[in-house]
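The values are calculated or read from the model by the stated rules, or taken from the named source; none is laboratory data. Fair warning: this is a prediction, and the values are worked out from it, not measured in the lab. Cβ coordinates were reconstructed from backbone atoms using ideal geometry, including for glycine residues, and neighbour counts include every protein chain displayed. Side chains included, ligands, DNA and RNA excluded: accessible areas come from the protein's heavy atoms. Shrake-Rupley method; radii C 1.70, N 1.55, O 1.52, S 1.80 Å.
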Amino acid sequence: MLLSYLPEILTFAAGLLILFVFSVRRSSFDIITSVSFLTLLVLMVISVSGIVQPDASSRLFASSRFTEFFRIIIFVSLLFTFLFSNRSREISENTAPEYFLMLYLFFVAASFMVMAENLLSLYISMEILSLISYICVSFDFDRARSKEAGLKYAIYGAVASSIMLFGISYMYGTTGSLYYSEIAQKLQETGSLSEPVFLMNILVILMIFGGLFFKLSVFPFYAWSPDVYQGGPTPFVALLSVASKAAAIGALIKVVMIMFAADTNALTNGNIALILGIIAVLTMTLGNLMAINQNNLKRLLAYSSIAHAGYMIMALSAVDDTSVLAVKFYLVAYLVMNLGAFYCVQIVSDRTDSEDIENYYGLSSRNPYLAALFTVFLLSLTGIPPFFGFIGKFYLFAAIIHKGGGWYYALAIIGVINSAISLYYYARIIRAMYLLNGNDEPFVFDSVRKYTIGFLGVLAVLFGVWFSPVLRFVEYFHTVLR
Amino acid sequence: MDFILSHILSLMTFLPLVGMVIVALIPSRYPQYIRYFSVLVSGLVFLLSLVMYAYFDRDSTDLQFVEHFVWIRGFNIEYFMGVDGLNVSLVILTALISLIACIASLGIEKKVKGYFAMFLLLMTGMMGTFVALDLFLFYIFWEVMLLPMYFLIGIWGGPRKEYAAIKFFLYTLFGSVLMLVGIIALYYNSEPTTLVDGTAASHTFNIMKLTTENDFSSKAPLFGISFAKLVFVLFFIGFAIKIPMFPFHTWLPDAHVEAPTPISVILAGILLKMGIYGILRINYQILPEATQWAAPVVAVFGVINIVYAAFVCMAQEDLKKLIAYSSVSHMGFSLLAMSSFSEPGISGAVLQLFTHGVISPMLFLIAGVIYDRAHHRDINKFGGLAHIMPEYSAFTGLAFMASLGLPGLAGFIAEVLCFIGAFSAFKLMTVIAATSVVITAAYYLWTMQRVFLGPKNPRYEGYPDLNLRERFTLYPLALIIVILGVYPMIILDIINPTIFRLINTLR
């Protein structure tokens, strides 16, 4: 049974070991990064090797093909984070061992969050993940904005998670259980409820979603992300925008699909779809509209990642198997393009010490390679073929249109119009790089970064025209949730 | 030869893409190689299109030069290309105009490598859009065109290039994302069928199968509107923006005025044709009932396009803007004529795509010639150019006459067919539209008078007449305009059989 949590246990141990070894014997950033990277790679291989068997015997956590998928997503985004944390302007060499320990723990917490089968174990793993995130966001010790971001994040997080905890306790009060499946059963048994109790229950569901919405930066808990993204160290922020959202959406899928998906459920039948749909509309519209006037690229990407969370929630609002598959497919695309975009920003800001759009003027002539790749990531985020992001969005829209009915068509049309709006602010960056002129000094950066974003760029194009392998990968991990 | 014939559409589509990769590999210190190599590639594509024309079976109504295999099984997406009467003339037009525009691009001096790389990518997108018969594939090619166009206008354009480029990009994307919803909706409402390799598929993107095996008029309504009508509207907005149809036409004057001459040529000659083509290929064939329902409204918009844009032309002082609005007006003829569902109407609409696709590039080239010399295009500031540049003036005269529909030149036949067709269904509207012929004649002749006639303007003394590059672009177009004016059957022969079949399905 313990064997099924082997990746988490080993990662935890490896993190402590790395902290210990490198605290005793301080080494250069390169060495710490290489060791951490290779260790994590080995752990990832172990976790997919077949030694780790799914296990559903525990009632608090259960690993399955479904959770394995999220394990891999988090592993992969961590690997990229390691490469880009190395020699980052924002993370000092002295604190590298502690920083890497935090990243290892990040995996453990995020993975348990998806595996949770009980509201309380979900809450606890989510809180651990939050704590790690607060610390990592303030890891850029030399800059006040990093500390400010950490504090803001912690305050917002405390509010969101206390709301969630209240929801959980109320749910326990009405159903007498904290297990997803038991709650589902209880909700089904309650049958027809009187109006006030019904409304109260909807509110409670929203409260429980609150914590997850905070992690996903979804309306109404999205306001933290621009400040935190702008202040935090870029490599970690990139991780936050992908892995943290992946864990939250994984947990949300389980909560929605196990607790509220049953058609016979008098309380939630149809309402969950409506709630998620409305929240998706608000999230993507707000995210996109607010991104339009941002001049700081990290803030811009923060709003764009809010919008992308909105697209995913939109697909999830169909509450069926196709939509879960679509969200997972989209996560793969989102990982590639969003990490790529953040790393392009980091490469520029590591040199100019600023993320303002002025730094990108004329980038196409200073470093055509970087400008071209950034353009690929941005267009992929917009959802323009032949890039990966288009296929991802195609799946999302297909998932809700598949469901049929006027509401879903309206949702899809709002969604596509939103993605047309998003072109405007992504194209502003492309315009800065290609259409405007800046200073002409050539711009160079180290080769590890060059090949890493090159690799992401190749994926963003390749999977845009040939996405069968991705589909097979997602489908392989697509079984029942437990 | 067999290989070429059986893969001719893929070759024509992807040769430019290969060319783009090679251009990217040529070091930028050899701009001359990049230029001539690009001309070579577009020349090859044009040659292939001539081969296709020669081997095209004129009596058949079936798809020809078909390439068909399963591309992505997970979503039943097929790689399906083919030509019939509806798109064969447009494929030839695309190859021809691309070559002409490529020759006209030889004068580009700024960032030559990037320019030709984008140009060749644009060619792939355009060619693919016309030959793709799988909705998913069609959509990909349709969108692939946007990015190179954005850069070509945005980097190599005029003073307000950035504004024009993003406006073009946003307008078109807005339309195409609605189309995407339509595509997915058609997919999920299609009947189970088999893919080309015989495997069963629950749904399909195959345009031919969607046409023959599905009846969308009986699907459950959404928001109280019938499903077919809703999907029709989604597609129609996407295509109407591209045509461009009033009130979605405002991107066009900006894009045209700011774009460099060869890109205006491509825009007017090829991109505008995609809207009408898309409506005929997708809306007419897949959603015939909804098309019948929408026809009167489409016709009204067609008339607005024709008359409104013609009046706007009268007020223009910028030569390029005038030509841009005249394009809007001329695309209205196609819209009006195809709503009539009559044989001459649809024939005329498709022929109009071809003739306008030859005439308007010539007009834009002419505007480019004078802009290269005078660095402005203000009609009122010219005068007496006929004394200084006689050859140029003659070609301008020819192009203006062709565009206003002088008998004996290409534009006339198409317009007459359009009017004959439209009259059978919309008497009053056709009469109103026909008045535009007078307005068109007025603005062209007035422009002629202001630019070329009158006393010699000393400011323009000593301007050289057409150079070799300009002759290479203008002579072939002029020749085609005259030949088509005398013998339009060259094009009508290949388009008519399919169009007659199409009309029978509509009735």
inquiry  = Taking the criterion of being away from chain A (no Cβ under 14 Å) and without any contact (Cβ under 8 Å) to a residue 24 or more places away in the chain, would at least one residue in the stretch B:7-20 satisfy it?
reply    = yes
The stretch B:359-447: helices (runs of 4 or more DSSP H) wholly inside it with 1 or more residues that are of a type in the set (D, E, K, R) and in contact with a Cys (Cβ under 6 Å, 6 or more places away or on another chain) are none
The condition from (1) modelled with pLDDT of 90 or more; (2) closer than 21 Å to A:ARG59 by Cα that A:ILE183 misses is numbered (1)
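Matching residues to (1) open to solvent by 20 Å² or more (accessible area, probe 1.4 Å); (2) modelled with pLDDT under 90; (3) touching a strand residue (DSSP E or B) at 6+ places or on another chain (Cβ under 9 Å):
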{"position": "A:ASN265", "(1), (2), (3)": "no, yes, no"}
{"position": "A:ASN269", "(1), (2), (3)": "yes, yes, no"}
{"position": "A:ILE275", "(1), (2), (3)": "yes, yes, no"}
{"position": "A:MET284", "(1), (2), (3)": "no, no, no"}
{"position": "A:LEU289", "(1), (2), (3)": "yes, no, no"}
{"position": "A:LEU297", "(1), (2), (3)": "no, no, yes"}
{"position": "A:LEU300", "(1), (2), (3)": "no, no, no"}
{"position": "A:HIS308", "(1), (2), (3)": "no, no, no"}
Going through the stretch B:168-177 in order, the residues found to be of a type in the set (Phe, Trp, Tyr) and either open to solvent by 10 Å² or more (accessible area, probe 1.4 Å) or at the interface with another protein chain (Cβ under 9 Å from one of its Cβ atoms) (or both) are B:PHE169, B:TYR171, B:PHE174
Selection from the stretch B:74-88 of residues assigned to a helix (DSSP H, G or I) and either in contact with a strand residue (DSSP E or B) (Cβ under 9 Å, 6 or more places away or on another chain) or surrounded by 24 or more Cβ atoms within 10 Å (Cβ to Cβ) (or both) yields B:GLY85, B:ASN87, B:VAL88
Listed by first then second residue, the pairs whose first member lies in the stretch A:135-155 and is over 13 Å from A:TRP224 (Cα atoms), whose partner is open to solvent by 60 Å² or more (accessible area, probe 1.4 Å) and modelled with pLDDT of 85 or more, with beta carbons under 9 Å and at least 6 positions apart or on separate chains, are A:ILE135/A:GLU98; A:SER138/A:LYS147; A:SER138/A:GLU148; A:SER138/A:LEU151; A:PHE139/A:GLU98; A:ASP140/A:LYS147; A:PHE141/A:LYS147
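For (1) aromatic (Phe, Trp, Tyr); (2) open to solvent by less than 20 Å² (accessible area, probe 1.4 Å); (3) at pLDDT 85 or above, each residue gets a yes or a no:
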site: A:GLY167; (1), (2), (3): no, yes, yes
site: A:THR175; (1), (2), (3): no, yes, no
site: A:PHE214; (1), (2), (3): yes, yes, yes
site: A:PRO220; (1), (2), (3): no, no, yes
Filter the stretch A:416-440 for residues that are open to solvent by 10 Å² or more (accessible area, probe 1.4 Å) and within 9 Å of chain B (Cβ to nearest Cβ); the one that is farthest from A:VAL319 (Cα to Cα) is A:LEU436
Considering the stretch A:450-467, residues that are modelled with pLDDT under 90 and more than 30 Å from A:ILE258 (Cβ to Cβ), and then whichever is surrounded by the most Cβ atoms within 10 Å (Cβ to Cβ), we arrive at A:GLY464
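Residue by residue, here is whether (1) at pLDDT 90 or above; (2) out of contact with any Pro (no Cβ under 7 Å at 6 or more places or on another chain) holds:
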| site | (1), (2) |
| --- | --- |
| B:THR124 | yes, no |
| B:LEU133 | yes, yes |
| B:VAL144 | yes, no |
| B:LYS161 | no, yes |
| B:ILE166 | yes, yes |
| B:LEU180 | yes, yes |
| B:ASP215 | no, yes |
| B:SER218 | no, yes |
| B:PRO221 | no, yes |
Restricted to the stretch B:178-215 and to residues being open to solvent by 10 Å² or more (accessible area, probe 1.4 Å) and without any contact (Cβ under 8 Å) to a residue 12 or more places away in the chain, the residue nearest to the other protein chains (Cβ to nearest Cβ) is B:PRO192
In the stretch B:335-358, anything on the phi < 0 side of the Ramachandran plot and outside any helix (DSSP H, G or I) is listed as B:SER339, B:SER340, B:SER342
Of A:THR67, A:THR81, the only residue that is among the β-branched types (Val, Ile, Thr), part of a helix (DSSP H, G or I), open to solvent by less than 10 Å² (accessible area, probe 1.4 Å) and within 21 Å of A:ASN338 (Cβ to Cβ) is A:THR81
Of (1) at pLDDT 90 or above; (2) surrounded by fewer than 24 Cβ atoms within 10 Å (Cβ to Cβ), A:PHE106 fails just (2)
Going through (1) modelled with pLDDT of 90 or more; (2) open to solvent by less than 60 Å² (accessible area, probe 1.4 Å); (3) assigned to a helix (DSSP H, G or I); (4) farther than 22 Å from A:GLN346 by Cβ one by one, A:ILE205 fails only at (1)
Condition set open to solvent by 10 Å² or more (accessible area, probe 1.4 Å) and more than 11 Å from chain B (Cβ to nearest Cβ), scope the stretch A:358-389, selection modelled with the highest pLDDT: answer is A:LEU373
The number of residues in the stretch A:390-415 that are within 8 Å of another protein chain (Cβ to nearest Cβ), under 14 Å from B:LEU230 (Cβ atoms) and in a helix (DSSP H, G or I) is 6
Kindly establish whether A:VAL255 is touching a Lys or Arg at 6+ places or on another chain (Cβ under 8 Å), open to solvent by less than 50 Å² (accessible area, probe 1.4 Å) and aliphatic (A, V, I, L, M).
no
Flagged in the stretch A:30-64 as open to solvent by 30 Å² or more (accessible area, probe 1.4 Å) and part of a loop (DSSP other than H, G, I, E, B), in numbering order, are A:SER49, A:GLY50, A:ILE51, A:GLN53, A:PRO54, A:ALA56, A:SER57, A:ARG59, A:LEU60
